[in-house]
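Okay, so here's the structure we're looking at.
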Amino acid sequence: MEAVMNRLVSESAPHTASPAGAQLPLNLVHEGETVHILKLRGDKATRQHLIELGFVEGAQIKVITHAASGVIVNVKGANLGIDSSMARRITTY
């Protein structure tokens, strides 16, 4: 009975990040997953632009959907669309 309850709870829980220690660029995170920012890559201007949008280390991000040219995420309560090349610069865990 306990195994059945555990399975039901895990199936109804929101989809969360990959197993502990897994690091993925944001463009590879699945729709519905919630992850945290580990680091930002790119030149100083690119990193500063991402920071100004709310993509700071430790921030929680939920991937809303993937589009042909990028990804739509929720960060700090705002839905933002960023292109794939920018999403690749955001490493998540």
(message) Quick check on the range 50-90: of everything there that is polar (S, T, N, Q) and under 14 Å from His30 (Cα atoms), which residue is farthest from the chain's Cα centre (by Cα)?
(response) Ser84
(message) Report every pair of residues separated by at least 6 positions or lying on different chains whose Cβ atoms are under 8 Å apart, first residue within the range 67-90 and modelled with pLDDT of 95 or more, second among the aromatic types (Phe, Trp, Tyr).
(response) Val75/Phe55; Ile90/Phe55
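Condition (residue is charged (D, E, K, R) and either open to solvent by less than 30 Å² (accessible area, probe 1.4 Å) or outside any loop (DSSP other than H, G, I, E, B) (or both)) applied to the range 65-81: is it met by at least one residue? Break it down stepwise before answering.
We begin by selecting, within the range 65-81, every residue charged (D, E, K, R); these are 76.
Checking which are either open to solvent by less than 30 Å² (accessible area, probe 1.4 Å) or outside any loop (DSSP other than H, G, I, E, B) (or both) leaves us with none.
No, every residue in the range 65-81 fails to be charged (D, E, K, R) and either open to solvent by less than 30 Å² (accessible area, probe 1.4 Å) or outside any loop (DSSP other than H, G, I, E, B) (or both).
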(message) Looking at (1) over 16 Å from Ala22 (Cα atoms); (2) of a type in the set (A, V, I, L, M, F, W, C); (3) modelled with pLDDT of 95 or more, which one does Val35 not meet, given that it meets all the others?
(response) (1)
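Considering only residues that are part of a loop (DSSP other than H, G, I, E, B) and open to solvent by 40 Å² or more (accessible area, probe 1.4 Å), look in the range 27-57 and name the one that is farthest from Tyr93 (Cα to Cα). Steps first, please.
Applying the first criterion (part of a loop (DSSP other than H, G, I, E, B)) to the range 27-57 yields 29-33, 41-43, 53-57.
Next, only the ones that are open to solvent by 40 Å² or more (accessible area, probe 1.4 Å) stay: 30-31, 41, 43, 53, 56-57.
Working: His30: 12, Glu31: 15, Arg41: 14, Asp43: 21, Leu53: 19, Val56: 13, Glu57: 11 Å.
Looking at the filtered set, the residue picked out is Asp43.
The values are calculated or read from the model by the stated rules, or taken from the named source; none is laboratory data. Here the structure is a predicted model, which is why all the values come from computation and not from measurement. When we count neighbours, we look across all protein chains shown, and the Cβ atoms used for this are built from the backbone with ideal geometry, even at glycine. These area figures cover heavy atoms from the full protein model, side chains too; ligands, DNA and RNA do not enter into them. Shrake-Rupley method; radii C 1.70, N 1.55, O 1.52, S 1.80 Å.
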